[in-house]
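The values are calculated or read from the model by the stated rules, or taken from the named source; none is laboratory data. This is a predicted model, so every value here is computed, not measured. Cβ coordinates were reconstructed from backbone atoms using ideal geometry, including for glycine residues, and neighbour counts include every protein chain displayed. The area values use the complete protein model at the heavy-atom level, side chains included, leaving out ligands, DNA and RNA. Shrake-Rupley method; radii C 1.70, N 1.55, O 1.52, S 1.80 Å.
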Amino acid sequence: MQVLIPRTDSNRSIFFFSMLFVLFFQIPQWTLTPIATPPKEDRRCSEPVIVIHCLDWTTDTLSSYDLDFVLNNSLTLGNPDILASPKTIGTLPQTIPNGTWSEQGGTGPCNFAIKEVVEDSVRNLGFVYARAIGGEGLCEMNFFWRDRVEYSTCAEMQSTGIYARIYRRWSAICFGARKDTVQVILFRRPKIQDFRFNGNGSGIFDRVVTYEACSPDKSLIKKEDVTPFAPSFLQPKKVFIDQIDGKYAVVIKDREFPICGGKGVRIARALYVFDSCRGDYIDTFQVLIQIGTFKGPSIMVPTTIPALSLDSLNCSASFLATVEGLKSTFGVEVTGCHLGNVSLSIKTKKENTQPGDEWPTVNYPIKNKRVTGLLPGLHRVFVYAFDGCFGANQDSFDFVVKDKAAPKPICVNGLSITLQPDGQGGGKYTLQATDFVAAGIYDCYGQGPDTNSIGQQLIAQYSINRVGERVLQNKSTLNLTCVDAGKVILIELHAWDTKGKDGYCVTYVEVLDLNRYCGIIEPWHRYVGGNIETEGSNPVQGVKMMLSIDSLPYQFATTNLNGAYSFVGLPRGKSVLLEPKLDKNPLNGVSTFDLLLIQKHILGIQVLNSPYKMIAADVNNSKSISTADLIQLRKLILNLNSNFPNNTSWRFVHAAFRFPKPENPWATQFAESIFVKEFNGSLTGNFIAIKIGDVNSNAKLDGASSNE
């Protein structure tokens, strides 16, 4: 006989535990000890009697896949109604402390509590408590437990359904007394019906799972998606059918079918379940696995209603009916793994359309992939996107066409008038708005009746006011009196269309009193003024205009809400230098879409169509467009740079300047200022504003979107 003696520094401990293990392991065979009502305590006994109280065991039959987990696992000990388990004692093998007796709540057989517990997530299968009665001394008892497993034969398994039994033996020792009992834990053989998938099937397939991908990437397949499982009774986990222990085996066979020219794959998977007791396959699970693009392209439409402006040349709007055109015009994103073509249909809401009425579909002309002829009003676009794998998707959004462009009058470059007698001993003069019209202009919504070659009507309504005064559409005259004599009066001339939109230009009138109706007046002076606008004729507010006379210190003026500025009271005969300046908020209007447009220009895919856009793309001011400009712009977007190292945020070109080679604006030096050697009394200085880096012209112009 071998005696197991644990290592310890105490001879007493060596002896005690040696005897304990001898007693425990020398039991010749395990017996089931029936537990009756605890015997009455007999204090006359000289040796203690151990009574096992309150057998609290589960009666559940577990599945065979839990057997290995249960075997010799202390986490499965404890009261079945809680998850906590008793803590094992130090390094002693399979030893736990006995419960403590509690007088509270009566003296019944279950009046015990576990001494020390450890929280876990495993359901408990039972626990027992022991009490020593009699004897001359007290002893602190521990419990020893051991597991032994017995497997059923195939015949017994098929008859009873029991796969195996664990005999869990409990032993308590107090001096010379010992008490044993045995807990039997049953494990059944799982049925095929116990297993299920985590999703639905279709047709002959018990499970259909689809993975959206741009390639037949089989690494996307997850076991839990394609393998049936059963929940564990003890643990919060799934047990898959190919992991079960119950005389079953699983064989997996796949058949692959490439789809979409090899860009995707369908896998028909069969899981054959083999019963080793019967020596035959008893069931088959069918799984369809699809990897590829099946939903079709993704279409993201705007959440607000975008607006298009009328083209003043043909009084209609248009847009490019391509993926790139939809994004740049409306912000519509069409994406997909193997994106193919996009088609559109457009419905237009007529003026007499009532709520609930169907909008009629309009076949607008398409030329060079551009939809043309869109008239003012509300439109609905239906987008149909297709990919190279027979996938399709559709969505719709609304947009509105507006006449955003106001008519732009052409002013005469100043007038000189002489006051006439007013009949009361003074002078007066009545200006007509049409006195300042240098040339007729045409608009989609002019008053006519004259029209130009493209069908636009002549603008016939003008109004006039002094700069700074209220603009009134029907004010077509302006009275001058002796109060104005000897002065230069700045004038706004407004042109109006039938939609109530107006544009204006700034000019001046010199008020003379040559016949001295107003008495003696001071010498009069001249002025400099003009407008700052973008290439699209949108006024830019907040531009600092710098005026130098005979190299003297600069005078300054700032463009107003309408992009206008002026200097008055200037002497004649002097040299004049006029320069616009604006260098703030370099990120205004700059986005990754500008990067894309510049890159397309560099690659020759889509060339920028104006010299002003090319100047905007020359971010590093190298007089060319290259990848170096992309790098500078990307650094600005990523906040690696706070400004343009070799450029200003805005550049300005004299509006009267004409580029000799529009495809190369740097072929000659373009005019960014105006110099007059001898000022004759009036100067109109209009400039085209260019926001550097903003090639799609969406910068904010109210105060140039100042960041100061």
Which residues, counting only those in segment 652-663, are out of contact with any Pro (no Cβ under 9 Å at 6 or more places or on another chain) and either among the aromatic types (F, W, Y) or surrounded by 13 or more Cβ atoms within 10 Å (Cβ to Cβ) (or both)?
H654, A655, F657
What about I305, is it surrounded by fewer than 17 Cβ atoms within 10 Å (Cβ to Cβ) and either hydrophobic (A, V, I, L, M, F, W, C) or farther than 18 Å from F382 by Cα (or both)?
yes
Among the listed residues G530, G500, identify the single one that is in contact (Cβ under 8 Å) with a residue 12 or more places away in the chain, part of a strand (DSSP E or B) and within 30 Å of C315 (Cα to Cα).
G530
Which of the residues belonging to segment 258-270 are more than 15 Å from V209 (Cα to Cα) and touching a strand residue (DSSP E or B) at 6+ places or on another chain (Cβ under 8 Å)?
P258, I259, C260, K263
Within segment 72-100, residues of a type in the set (A, V, I, L, M), touching a helix residue (DSSP H, G or I) at 6+ places or on another chain (Cβ under 9 Å) and open to solvent by less than 50 Å² (accessible area, probe 1.4 Å) come out as L92, I96
What is the residue count in segment 449-471 for residues that are open to solvent by less than 20 Å² (accessible area, probe 1.4 Å), assigned to a loop (DSSP other than H, G, I, E, B) and modelled with pLDDT of 90 or more?
1
Of residues in segment 240-249 being in contact with an Asp or Glu (Cβ under 8 Å, 6 or more places away or on another chain) and touching a residue at least 60 places away in the same chain (Cβ under 8 Å), the one most open to solvent (accessible area, probe 1.4 Å)
K247
Checklist (1) more than 30 Å from G685 (Cβ to Cβ); (2) at pLDDT 90 or above applied to L419, failing item
(1)
Collect the residues in segment 393-414 that are assigned to a strand (DSSP E or B), modelled with pLDDT of 90 or more and either surrounded by fewer than 19 Cβ atoms within 10 Å (Cβ to Cβ) or of a type outside the set (A, V, I, L, M, F, W, C) (or both), keeping them in residue-number order.
N393, Q394, D395, S396, D398, V400, I410
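A quick yes/no check of all residues on (1) assigned to a helix (DSSP H, G or I); (2) β-branched (V, I, T); (3) surrounded by fewer than 19 Cβ atoms within 10 Å (Cβ to Cβ):
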| site | (1), (2), (3) |
| --- | --- |
| R168 | no, no, no |
| K179 | no, no, no |
| P190 | no, no, no |
| E224 | yes, no, yes |
| V251 | no, yes, yes |
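Would you confirm whether or not segment 434-442 contains a residue that is touching a helix residue (DSSP H, G or I) at 6+ places or on another chain (Cβ under 9 Å) and open to solvent by 20 Å² or more (accessible area, probe 1.4 Å)?
Looking through segment 434-442, none of the residues is touching a helix residue (DSSP H, G or I) at 6+ places or on another chain (Cβ under 9 Å) and open to solvent by 20 Å² or more (accessible area, probe 1.4 Å).
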Output the number of residues of segment 580-613 satisfying the condition of being within 17 Å of L701 (Cβ to Cβ) and part of a helix (DSSP H, G or I).
3
Working only within segment 204-222, note down all residues that are open to solvent by 20 Å² or more (accessible area, probe 1.4 Å), under 25 Å from the mean Cα position of the chain (by Cα) and of a type in the set (G, A, S).
S215
Considering only segment 110-146, state which residues are out of contact with any helix residue (DSSP H, G or I) (no Cβ under 9 Å at 6 or more places or on another chain), assigned to a loop (DSSP other than H, G, I, E, B) and either at pLDDT 70 or above or open to solvent by less than 70 Å² (accessible area, probe 1.4 Å) (or both).
N111, I114, K115, E116, E119, G134, G135, G137, C139, E140, M141
Every residue in segment 366-392 that is in a strand (DSSP E or B), of a type in the set (G, A, S) and either open to solvent by 40 Å² or more (accessible area, probe 1.4 Å) or closer than 26 Å to G261 by Cβ (or both), please.
A385, A392
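Could you list, in sequence order, all residues of segment 256-314 that are assigned to a loop (DSSP other than H, G, I, E, B) and either among the aromatic types (F, W, Y) or within 27 Å of F229 (Cα to Cα) (or both)?
Of everything in segment 256-314, those that are assigned to a loop (DSSP other than H, G, I, E, B) and either among the aromatic types (F, W, Y) or within 27 Å of F229 (Cα to Cα) (or both) turn out to be S276, C277, R278, G279, F294.
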Of all residues being part of a loop (DSSP other than H, G, I, E, B) and under 17 Å from S649 (Cα atoms) in segment 541-560, which is most open to solvent (accessible area, probe 1.4 Å)? Just the residue, please.
Q541
